[in-house]
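These notes concern the structure reproduced below.
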Amino acid sequence: MNIFLHELKSSAKSIIIWSLSMAALAVMYIFIFTGLGSDIAEFQDLMNSLPEMAKKLLSVYAESLSTLEGFYSFVFVYVVLCGAIQAMNLGLSIISKELREKTADFLLTKPVSRRTILTWKLAAAFAAIVITNIIYMCVTFTAALSVKGQFSMKAIFMISLTLLLIQAIFMVLGVVVAAMAGKLRSVIAVSLGTVFGFFILNMFGSVIGEKAIRYITPFKFFDYGYIIRNSAYEAPYLAVGAGFVVLAVAVSYLVYVKKDIHAV
Amino acid sequence: MNVIEINNLTKTYGKARGICDVSFNVEEGEVFGFIGPNGAGKSTTIRTLLSLIYPTAGSAEIFGMDCIKNAPEIAREIGYLPSEVFYYDKMKVIDVLNYSASFYKKDCSKRIKELAGIMDLDLKKRVDDLSFGNKKKVGIVQTLLHQPRLIILDEPTSGLDPLMQQKFFDLLEEENKKGATIFMSSHVLSEVQRMCTRVAIIKEGRIIKLETMSNLTENNYKKFRLEFDSDIQKEHFQINGVSNLELKEKFISFLFKGNVNTILRKISQAELKNIWIEEPSLEEIFMHYYEKEA
């Protein structure tokens, strides 16, 4: 428990900054939506007139752009992008910082097993993204409720919840990479590289319409058009995501417990 | 009773040498020195004992428990001071120490204040504002705050000024009197000589000598320095038991191990101007071992 609290305390500032930034992004778009008011129809026409490829690149579901949930899903892609970077950073740094900051000698000679250390660190990282999502949702939903007119709060909630799921995937990805790597000199370089890699794959996949890519990049696990239409997630992709999380956590334990911690 | 038992411990890093076939015991209440130059395998041995790294072959026991399998249990009774100490930079000293204490199931707050007082450490400062020596002090307090039964020190005095070294050694002596076993590695031999009752000498990953300090310094070796009036043949003293024989103008110096009567008879055959017979410093003995084994 002391490790959990220590980790959470040391990432408190970053949790607040990230969650408020992502919320600000969403709120800004919600206000733009309100500002557009009745002009939204013209905006939808404009988006519809874009070439097909541009629409796919921007992940526009034009049929629902005139509703708040549709408009929200349009900006949410970028919220998720930020969230993925935050989560991967978190996962990478929570494991690698002991080596990078050379505090491994301190922590790993305490009367706790490596398994316990990893468990509390994972718990702290997961708690951090849950807190991020709670802050994000509170701010965003408050803003959404101020919008007059008809919209599906359920759809907005379901779309927002995918942030948590995608963050969980990138967080454990960060953990497993850090567990396997030696000393990571720069966390942000690894996380930005990986996240943008998947994001570009996601845009590329949209354009060529390749189905297989949907299984590869977590950004494609959730089709917001589908969520809005059906108020449901697509089970196969949820399963792939869950499977990856389980696998990554298992590998992290195996590697971390057996790892040699060399002198600085 | 043995506090540490090391059996044929081997650790290899690919082709690079780690340690090879290291075996020795440390008894309860002992102050045990582990000496050798940099890169000889001191830290590798210590890190294996602490299960920071895993042995390639062999095993080690601490308090009769396997140091890998029972690492968390063993760690409860160990205080470890690394050669270079690093703590969470953004935390205050007192928070680091409280975090450290939170791993042991006892109240250490009184002991923290006491130790910080002795070591003259400001608990309110942030870790990244501390000098190297002050960080080392945090390390010392962190090592001793839970009153461990086994204290493991890796190059303990680096970064400490002589006054603090003195205070630290006093602390260690006190802990030792209370029953703590101390295992320290060093290449500064004077500190080993001062503190330790027994030493192991390690070279290129292998233990080359295991000896009580008194045997190493008093009983076995004498350091002779002789001054002559006339020229003298170096070869005159080239007998069994003599080593490090050196001739400098009219001075001859050497280490002698064996029956003192033999050497005194040899000396009496020459016309002396002056004579010094001393206990050799550990450095000299140490160099002697290294040269002989090389």
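The values are calculated or read from the model by the stated rules, or taken from the named source; none is laboratory data. Values in this document were obtained by computation on a predicted structure and should not be read as measured data. A quick note on method: Cβ atoms are made from the backbone with ideal geometry, for glycine too, and the neighbour counts reach across all protein chains shown.
Quick look at the values:
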quantity: Condition check for A:LYS13: of a type outside the set (Val, Ile, Thr), within 14 Å of chain B (Cβ to nearest Cβ) and under 30 Å from B:LYS106 (Cβ atoms); calculated: no
quantity: The listed residue being modelled with pLDDT of 75 or more, at negative phi and within 14 Å of chain B (Cβ to nearest Cβ), out of A:PHE106, A:PHE71; calculated: A:PHE106
quantity: Flag if A:VAL75 is among the hydrophobic types (A, V, I, L, M, F, W, C), in contact with a helix residue (DSSP H, G or I) (Cβ under 6 Å, 6 or more places away or on another chain) and part of a helix (DSSP H, G or I); calculated: yes
quantity: Residue tally, condition assigned to a loop (DSSP other than H, G, I, E, B), buried (at least 18 other Cβ atoms within 10 Å of the Cβ), facing chain A (nearest Cβ under 8 Å) and not hydroxyl-bearing (Ser, Thr, Tyr), over segment B:69-84; calculated: 1
quantity: Within segment A:231-260, tally of residues that are closer than 28 Å to A:SER152 by Cα and either touching an Asp or Glu at 6+ places or on another chain (Cβ under 7 Å) or not β-branched (Val, Ile, Thr) (or both); calculated: 11
quantity: Every pair of residues 6+ apart whose Cβ atoms lie under 9 Å, when the first sits in segment A:110-128 and is touching a residue at least 24 places away in the same chain (Cβ under 8 Å) and facing another protein chain (nearest Cβ under 9 Å) while the second is in a helix (DSSP H, G or I) and charged (D, E, K, R); calculated: A:ARG114/A:LYS258
quantity: First in segment B:99-116 and more than 7 Å from every other protein chain (Cβ to nearest Cβ), second anywhere and loosely packed, with under 15 Cβ neighbours inside 10 Å, Cβ under 9 Å, 6 or more apart; calculated: B:ALA101/B:ASP107; B:ALA101/B:SER109; B:ALA116/B:ASP122
quantity: Checklist (1) in contact (Cβ under 8 Å) with a residue 24 or more places away in the chain; (2) crowded, with 16+ Cβ neighbours inside 10 Å; (3) aromatic (Phe, Trp, Tyr) applied to A:PHE106, failing item; calculated: (1)
quantity: Test set (1) touching an Asp or Glu at 6+ places or on another chain (Cβ under 8 Å); (2) closer than 23 Å to A:ALA23 by Cα; (3) at pLDDT 90 or above - A:GLY225 fails condition number; calculated: (3)
quantity: Scope segment B:246-264; condition farther than 20 Å from B:LEU216 by Cβ and in contact with a strand residue (DSSP E or B) (Cβ under 9 Å, 6 or more places away or on another chain); matching residues; calculated: B:GLU246, B:LEU247, B:LYS250, B:PHE251, B:ILE252, B:THR262
quantity: Of the criteria (1) β-branched (Val, Ile, Thr); (2) over 26 Å from B:GLY39 (Cβ atoms); (3) modelled with pLDDT of 90 or more, which one B:ILE182 fails; calculated: (2)
quantity: Filter pass, A:ALA263 being within 14 Å of chain B (Cβ to nearest Cβ), surrounded by 15 or more Cβ atoms within 10 Å (Cβ to Cβ) and either of a type in the set (Gly, Ala, Ser) or within 18 Å of the chain's Cα centre (by Cα) (or both); calculated: yes
quantity: Top-ranked residue of segment B:43-58 - restricted to ones that are more than 10 Å from chain A (Cβ to nearest Cβ) and among the polar types (S, T, N, Q), ranked as nearest to B:SER186 (Cα to Cα); calculated: B:THR45
quantity: Leading residue by the ranking (nearest to A:ARG100 (Cα to Cα)) among those in segment A:133-186 that are among the hydroxyl-bearing types (Ser, Thr, Tyr) and surrounded by fewer than 18 Cβ atoms within 10 Å (Cβ to Cβ); calculated: A:SER186
quantity: Yes/no for B:LEU9 being more than 12 Å from chain A (Cβ to nearest Cβ), surrounded by 15 or more Cβ atoms within 10 Å (Cβ to Cβ) and touching a helix residue (DSSP H, G or I) at 6+ places or on another chain (Cβ under 9 Å); calculated: yes
quantity: Of all residues making up segment A:25-56, the number that are surrounded by fewer than 15 Cβ atoms within 10 Å (Cβ to Cβ) and part of a helix (DSSP H, G or I); calculated: 16
quantity: Members of segment A:57-68 found to be part of a helix (DSSP H, G or I) and modelled with pLDDT of 80 or more, listed by number; calculated: A:LEU68
quantity: Selection within segment A:187-217 - farther than 23 Å from A:LYS97 by Cα, assigned to a helix (DSSP H, G or I) and out of contact with any helix residue (DSSP H, G or I) (no Cβ under 7 Å at 6 or more places or on another chain); calculated: A:GLY197, A:ILE200, A:PHE204, A:ILE208
quantity: Cβ pairs under 7 Å, 6+ apart, first in segment A:244-255 and under 7 Å from A:VAL172 (Cβ atoms) and at pLDDT 95 or above, second among the basic types (Lys, Arg) and assigned to a helix (DSSP H, G or I); calculated: none
quantity: Single residue of B:SER253, B:SER268, B:SER190 found to be closer than 26 Å to B:VAL3 by Cβ and either modelled with pLDDT of 85 or more or of a type in the set (Gly, Ala, Ser) (or both); calculated: B:SER190
quantity: Subset tally (residues that are within 14 Å of the chain's Cα centre (by Cα) and under 22 Å from B:GLU279 (Cα atoms)) for segment B:199-215; calculated: 8
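Table: residues versus (1) closer than 21 Å to B:ILE208 by Cβ; (2) in contact (Cβ under 8 Å) with a residue 12 or more places away in the chain.
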site: B:MET1; (1), (2): no, yes
site: B:ASN8; (1), (2): yes, yes
site: B:GLY18; (1), (2): yes, yes
site: B:VAL31; (1), (2): yes, yes
site: B:ILE35; (1), (2): yes, yes
site: B:GLY39; (1), (2): yes, no
site: B:THR44; (1), (2): yes, yes
site: B:PHE86; (1), (2): no, yes
